[in-house]
Structures are given as structure tokens and as C-alpha cells.
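The values are calculated or read from the model by the stated rules, or taken from the named source; none is laboratory data. In this text, all values refer to a predicted model and were calculated from it rather than measured experimentally. So basically every Cβ, Gly included, is an ideal-geometry build from the backbone, and we count neighbours across all protein chains shown.
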Amino acid sequence: MDNKLFLDNMVGTYNTAPSHAEIYSVRQLSVDELNAKMKRLLRYTSDVCKTSTDRADWSVQQDRTLVRLPKGGRAIIHHASGAMKITTGLQPMELMFEEKDYCKDDHIKMTESVFKKLNLDEFTGQKESLQFEKLWQIKAAAVNREQKFAAIRLCRVIGAFRHFAGNLPVLGPASVAIKLASNGSLDSVQTLIRETSGEAIEWAPIISAEEAADKVLLQLSSLMGKSSVDFSELITKQSMHFGYISLAKRKSQRILAPHYVAAISLRGKDAQAYQFVVPATEKLYESTCNTGSHAFTNQVARNRFTAQNNCK
Amino acid sequence: MAMFGVEGIRYFSNARAAGVSTAGDLTYTFNRCNGFDDKLRSAGHSRAFYWANDDCWETDIRDKDKGGDDETWVDNVDIFWIETHGNHEDDGRARMLYDNPQQNWRTYSDQWQLGEDWNLEWMMAYSCLTVDLNNVAGIWNIFSGMHIYCGAWDEMWDGWTTDECGEDVGDNLIDGDTVSDSWIDGVSDWYFDNHPVTVCVGDSATWNNGNIQWDRSYLNRDHLWGHGNVDADLAPSQQACILWRWAEG
């Protein structure tokens, strides 16, 4: 595969980008405001689970608030992003689904129903929405020494919902993930919603998908280095999407700006899967930190003398 | 409290130059490794070692009986985190790539016997495809007392939505989640299709003639030392079945 084919394939998979898009500022909330939000979500969770969360132990830690709940449950607020998570204390293999209940459509409806009961739409801003995106499942299986298999069991279903600002998705970790056990029992709910402050602060022109794909190719090339095989021959899957991006939950973010997001899988003897993020605007609004960290270790480098001793 | 070890490889230029792999470098290896390390140390657990890049060697996990040095490193801690490129063989053996041939470029799981010295309880590998979901028993031999292997049955993504996976797994462990839940929840962003799987062994009472007593399994019961129950080791002679739990989208 040559570079042109790579670029054509990449551009061919993206969802249509507009010529211009709004730039939004992200609402910044104080710890008190975040705690108030969590109290509201806990109240709704109590209604869904039919258990009281009044007796809770709140502790504000360095970068998060941890709330210990009855029956082994807990709630966490990440101060940087406002991301919230509530777990109800179910054990992983508790309340597994019965085989007669293995219906994906029913599970989607189940997660949508709990989504409504938790009033999660209240946690978005003006001109924003949350839409169902994908159903995930957690399963379990076993085999004995004689290669006899036990029936596969469905442990949990997870409904992932996507935050939209205006007409564009906010790409990143699921904006809402609702994990359910059998009978729709709530195992956990987590949110990462970068609520905007409302009105657009700018109206920015969008670079073409071809230009973005070029930048993705540049990033991929720098990782692949020199090799005996042309990496483009190893690509098994590639896709590109367009939308705002949300950074991970421990990072603060002041702006929602449009980006192209690419995913590329490669297979040689060793499998690889990369995500790339490219700003969709000429002006850089938000740093996405494409460089990564260095190892946080002060361990002295090993040497061959040690190696020879170790390998005696 | 627990002793833990970390190994992370971000750069593979030596392996490429030697012609043993076409694998590219990674970007967020040390975001994840540092995050895991930081969270566990913040809760009072002790880091025994943290090797990076070409300081990571395959002899660290290879069993002593097979010429390795696991009793000094991987099998000398309670929990071990590794990140590198991975895959599996047709017979289900896991393999992982190193960037320094000390003594080999790759490790193969038939060379591992973990927990043999009754030390390692849990191994976490942020690497693609080290478990073959159609032949999970291909890694049965690694359980010589180890409780749970946490890996992937397909791709694990390197990108901006997975850079905090180490912190997420670490937070889950020290907040009191089970090891199995800590891994599956911690490495899943429920957006990009990471493929976590947790694998353990069980006794005949757990197998129960194929009517699995899931509540007895390590997957349901094991927590990090100091944060909940840890079941007793299961010697190879007591192992009647292998059990696994995975996420798919």
C-alpha cells in the first residue's frame, strides 16, 4: 500500500466535517459545585437502587473527592474534569444474567431506561445532548482439564452514551457508561461530560480531511521508524472521525475544539493499535499532549555484567 | 501490603534494527506505568523494581528452571505490571517483545511458572492479544500458584483515551475493587475497543461438574493485599479448571 492509498482509505472512513465549527469554552466548576452535582446524582441513584445513600463518608483528597457508601459502594469525583463515578458494591460474579435473558436489544432498552431514571440529561448544558452509542458486555467462561467447556455466562452489560455539543459529538472516553447486572440492577454509573458555558466563543474554519490524514500519516511514520517492511503493508484497520475531543478524566480542559481522531491497527509478528488526534483548525485551541511521559524511575540502568550474573 | 514491580517498553528501535520485529514505538507507555506505580505507592505499597525500555529483559519473567531469573524479579513480587507489544502463538502461548535481547528478543509463556515460589499473585500485561480467547488453556501452565493473569484477547490501544489506564487500575485496586474488576474497568474507556480479559484457575469444587461456582473463583474474590480478601494459592495439583472473564463491544 502506498501513501496515497493510505490517505484515500483514511479519508474514506471519516464522518462528514463541516466547513466551519463552533469553539466552546468549558464550564469550570468549583469543588463545592461538583459535590452538589454528585449529591444530586447520588439521590437519583438511591431512587433507582431503592437504597439510601444518606449515610456516606465524604473525604476530599488531593485531586478527587471519595465518598464511601453503604454496602461497599463508593462515589468518586475527579476535580480536574468533573467526572463522576458511583459503584453500588456488587461483586463481579454476582447477579449474572440467565441464558433466557441474553437479548442485546433488551439490554440496550434496559440501559436507556436506567439512563432516564438517573436524569442524566440534567448534567449537560444548553444546546447539548446525550445519545446512546454502543452496548458493551462482560462475559465469563471456563474449561476443565479434559477440555470440557462450561456454558458462557453474561455478567454485565454496559450502555455507553455520547455527549453532543451542538451537532458534533464530544469524542473520547464514554460520556456516560451505565453498567447493569441482571434484572437491570445498577452496578455502576460513570460520567465524563465537559459541559460548555453555552454560547460559542469563535467560529473556526475546518481543515480538510486530506490535510488531517496527512498529519496522521506523519505521526504514524514517526512511531514506525526504520524497518525492513513498509508499515503501510501491515495495516489491517484504519478509520477517522470528526468531533470535539474530551481529554481523560484527570485533566482539566478549558476549550472544546474540533479534531480529527484516527484509529489504526497493524499486524506483523507483533500487534499494534494506535489512536491519533489532529486539530481540525489552523489555530491551536487545546494541547492534546502527543508526546507521552518518560519513565518515572530512578532505578540505575542495568548492565551486561549484572546480566551475566543473573543468567548463570 | 503488597510488593510490586513494573516493566515498560516504549521504544523498539533495537528490535527493528535487528530485523526481529516491525513493531512501532508507543507513546503513552510511561503515562500508564507511572500512573500504576504512583497510585500503588501512594497507598503504601512498595515498589520492588521499575525497569524501562532496554532495561526490561525476558529473563525477568522466565522461570529459574528454564534458565531465567523470575525468582529475583517477576516471581518475587505480589503484583507485576508490564507494557510492551504482544501476541500469541497458534497453540495459545502468549508472547511479548523486548528491545534488548537479554537473552532473547521475546518471551513465550511456556517459559513462565508464576507463583511457583508462592510470591506472584497477579500479573497485568498491557499488550495486545496475549490471550487466545479460543484457546485460553494455552496459558494454563503459567499458574504455578499465581491467582489471576490480566491481559487482552485482541488489541489494546495506545492513545489519548487510554493514557490514564494505569492510574485507573491503581485507583480501583486501592479503593477496594476486586483485581478482576480493577483491570477490566480500569483499561476500558467504553469508546475504543480495548479487549481486557482476566484469567484464573479453580479447584474441583469451583468446576462443580461444569456447573461453575463463580462466587468461589479468584475473579470474584481476590483483592489487592490490604484492600480486601485474598484467597489462598492453588497448587497445580489442585487445579481442575481455568476460568476467564472478558469485555467485548
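In table form, for the structure just shown:
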read-out	value
Some residue of segment A:213-220 being surrounded by fewer than 20 Cβ atoms within 10 Å (Cβ to Cβ), over 30 Å from residue A:98 (Cβ atoms) and in contact with a helix residue (DSSP H, G or I) (Cβ under 9 Å, 6 or more places away or on another chain)	yes
Qualifying residue in segment B:142-162 (condition: in a helix (DSSP H, G or I) and either buried (at least 23 other Cβ atoms within 10 Å of the Cβ) or in contact (Cβ under 8 Å) with a residue 24 or more places away in the chain (or both))	yes
Matching residues in segment B:232-249 - criterion: being at the interface with chain A (Cβ under 7 Å from one of its Cβ atoms), farther than 13 Å from residue B:182 by Cα and among the aliphatic types (A, V, I, L, M)	B:240, B:242, B:243
Of all residues making up segment B:25-40, the number that are at the interface with chain A (Cβ under 10 Å from one of its Cβ atoms) and not in a loop (DSSP other than H, G, I, E, B)	9
Top-ranked residue of segment B:221-243 - restricted to ones that are in contact with a Lys or Arg (Cβ under 9 Å, 6 or more places away or on another chain) and closer than 27 Å to residue B:45 by Cα, ranked as surrounded by the most Cβ atoms within 10 Å (Cβ to Cβ)	B:230
Conditions (1) of a type in the set (A, V, I, L, M, F, W, C); (2) more than 9 Å from chain A (Cβ to nearest Cβ); (3) more than 16 Å from the chain's Cα centre (by Cα); number of the one not met by residue B:61	(3)
Residue tally, condition assigned to a strand (DSSP E or B), under 20 Å from the mean Cα position of the chain (by Cα), surrounded by 23 or more Cβ atoms within 10 Å (Cβ to Cβ) and facing chain B (nearest Cβ under 7 Å), over segment A:246-273	2
Those residues of segment B:21-50 which are under 23 Å from residue B:85 (Cα atoms), among the polar types (S, T, N, Q) and touching a residue at least 24 places away in the same chain (Cβ under 8 Å), in sequence order	B:21, B:27, B:29, B:31, B:34
Residues satisfying the stated conditions in segment A:181-193, i.e. more than 13 Å from chain B (Cβ to nearest Cβ), over 18 Å from the mean Cα position of the chain (by Cα) and of a type in the set (A, V, I, L, M)	A:186
Yes/no for residue A:59 being more than 26 Å from residue A:138 (Cβ to Cβ), within 14 Å of another protein chain (Cβ to nearest Cβ), part of a strand (DSSP E or B) and of a type in the set (Gly, Ala, Ser)	yes
Meets criteria (more than 20 Å from residue A:74 (Cα to Cα), of a type outside the set (D, E, K, R) and crowded, with 20+ Cβ neighbours inside 10 Å) for residue A:160	yes
Counted residues, segment B:180-231 - those being within 9 Å of chain A (Cβ to nearest Cβ), hydrophobic (A, V, I, L, M, F, W, C) and part of a helix (DSSP H, G or I)	4
Residues of segment A:106-124 that turn out to be within 19 Å of residue A:154 (Cα to Cα) and hydroxyl-bearing (Ser, Thr, Tyr), as a count	1
All positions within segment B:88-106 that are surrounded by fewer than 24 Cβ atoms within 10 Å (Cβ to Cβ) and under 13 Å from the mean Cα position of the chain (by Cα)	B:95
Candidates A:292, A:243, A:198, filtered to the one that is modelled with pLDDT under 95, outside any helix (DSSP H, G or I) and either surrounded by fewer than 15 Cβ atoms within 10 Å (Cβ to Cβ) or more than 9 Å from every other protein chain (Cβ to nearest Cβ) (or both)	A:198
For residue B:155: the one exception among (1) within 19 Å of residue A:272 (Cβ to Cβ); (2) more than 9 Å from chain A (Cβ to nearest Cβ)	(2)
Scan of segment A:135-157 for residues that are buried (at least 22 other Cβ atoms within 10 Å of the Cβ) and more than 7 Å from chain B (Cβ to nearest Cβ), ordered by number	A:156, A:157
